[in-house]
1. Kindly indicate which of 140, 120 is outside any loop (DSSP other than H, G, I, E, B) and touching a strand residue (DSSP E or B) at 6+ places or on another chain (Cβ under 9 Å).
2. Looking at 71, 57, which one is in contact (Cβ under 8 Å) with a residue 40 or more places away in the chain and either crowded, with 18+ Cβ neighbours inside 10 Å or on the phi < 0 side of the Ramachandran plot (or both)?
3. Scan region 86-111 for residues that are farther than 16 Å from residue 46 by Cβ and either buried (at least 19 other Cβ atoms within 10 Å of the Cβ) or in contact with a strand residue (DSSP E or B) (Cβ under 6 Å, 6 or more places away or on another chain) (or both) and report the count.
4. Does region 158-171 hold any residues that are surrounded by fewer than 17 Cβ atoms within 10 Å (Cβ to Cβ), closer than 27 Å to residue 69 by Cα and in contact with a helix residue (DSSP H, G or I) (Cβ under 8 Å, 6 or more places away or on another chain), and which are they?
5. Which residue is nearest to the chain's Cα centre (by Cα), if the candidates are limited to region 25-54 and must be more than 30 Å from residue 203 (Cβ to Cβ) and touching a residue at least 24 places away in the same chain (Cβ under 8 Å)?
6. Exactly one condition in (1) under 20 Å from residue 218 (Cα atoms); (2) within 11 Å of the chain's Cα centre (by Cα) is false for residue 94; which is it?
7. I'd like the residue in region 74-85 that is in contact with a strand residue (DSSP E or B) (Cβ under 8 Å, 6 or more places away or on another chain) and surrounded by fewer than 22 Cβ atoms within 10 Å (Cβ to Cβ) and, out of all such residues, is farthest from residue 221 (Cα to Cα).
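The values are calculated or read from the model by the stated rules, or taken from the named source; none is laboratory data. Here the structure is a predicted model, which means the values were calculated and not measured. Reconstructed Cβ throughout: ideal geometry from the backbone, glycine too, with neighbour counts over all protein chains shown.
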């Protein structure tokens with residue numbers, strides 16, 4: 001198994017083999033909590049206009065996401081794992097659009113399979129990859145809006161790489177580094193869009209025992225439990 005770590009939207013576009021798109025703060029984490037709370041799948045919208053078209057055609061549709069890290073007017077939820085963890089998504093059509101994570105999945109058109117990963121489903125993601133045993137794995141940290149590397153996504157990429165290679169990463173050290181990382185500061189600055197709880201929810205290592213896989217269903221790309 002050849003493992004390559006790449007970065008940002010350009011890395012997603014160039015991903016080959018089995019691609020792992022990483023967005024720790026916060027899209028992959030939020031998606032994992034939504035799936036845990038009853039959603040059968042999450043539709044990935046390519047634009048905000050597309051997301052709103054789903055809402056117009058089905059007012060019961062639940063829109064989740066962010067733009068520049070902030071909630072989108074007209075969306076039901078922002079990109080918050082904590083707030084979505086409080087909701088019941090059973091039987092709901094959920095549509096998600098974010099600046100980094102969902103954009104990265106949709107950009108990975110040349111990959112044979114695409115997973116969405118973070119710390120809350122890290123080991124499950126690794127188990128899925130080992131079971132599939134692909135010739136090539138491309139791990140892509142999406143960073144801030146797919147344009148700037150962030151420490152949480154780079155550390156998660158290294159964490160997965162080490163697990164796949166048989167290593168034993170020290171998560172307590174990673175968590176301590178992230179507590180003081182530049183990209184984590186907003187969680188502790190009393191900003192309503194960035195709950196401190198989101199930070200700790202995103203670092204609840206291996207909370208979920210399933211990987212998230214993007215699959216094509218007709219004209220839609222959707223996330224399902226792998």
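1. Numbers: 120 fails: touching a strand residue (DSSP E or B) at 6+ places or on another chain (Cβ under 9 Å).
Just a single option satisfies the conditions, and that option is 140.
2. On the way: 57 fails: in contact (Cβ under 8 Å) with a residue 40 or more places away in the chain.
After applying the criteria, what remains is 71.
3. Initially, region 86-111 is screened for residues farther than 16 Å from residue 46 by Cβ, giving 86-93, 110-111.
Now restrict to residues that are either buried (at least 19 other Cβ atoms within 10 Å of the Cβ) or in contact with a strand residue (DSSP E or B) (Cβ under 6 Å, 6 or more places away or on another chain) (or both): 89, 92, 111.
Qualifying residue count, region 86-111: 3.
4. Listed by number, the list holds a single entry, 171.
5. Of region 25-54, the ones more than 30 Å from residue 203 (Cβ to Cβ) are 47, 49-50, 52-54.
Then drop every residue that is not touching a residue at least 24 places away in the same chain (Cβ under 8 Å), which leaves 47, 50, 54.
Numbers: 47: 17, 50: 20, 54: 21 Å.
Here the residue is 47.
6. (2)
7. Going residue by residue through region 74-85, those that are in contact with a strand residue (DSSP E or B) (Cβ under 8 Å, 6 or more places away or on another chain) are 74-79, 83-84.
From what is left, the residues that are surrounded by fewer than 22 Cβ atoms within 10 Å (Cβ to Cβ) are 74-77, 83.
On the way: 74: 22, 75: 19, 76: 20, 77: 20, 83: 24 Å.
My answer is 83.
Conditions (1) surrounded by fewer than 20 Cβ atoms within 10 Å (Cβ to Cβ); (2) modelled with pLDDT of 95 or more; (3) closer than 22 Å to residue 80 by Cα; (4) touching a helix residue (DSSP H, G or I) at 6+ places or on another chain (Cβ under 9 Å), marked per residue:
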{"site": "130", "(1), (2), (3), (4)": "yes, yes, no, yes"}
{"site": "147", "(1), (2), (3), (4)": "yes, yes, yes, yes"}
{"site": "151", "(1), (2), (3), (4)": "yes, yes, yes, yes"}
{"site": "156", "(1), (2), (3), (4)": "no, yes, yes, yes"}
{"site": "173", "(1), (2), (3), (4)": "yes, yes, no, no"}
{"site": "187", "(1), (2), (3), (4)": "no, yes, yes, yes"}
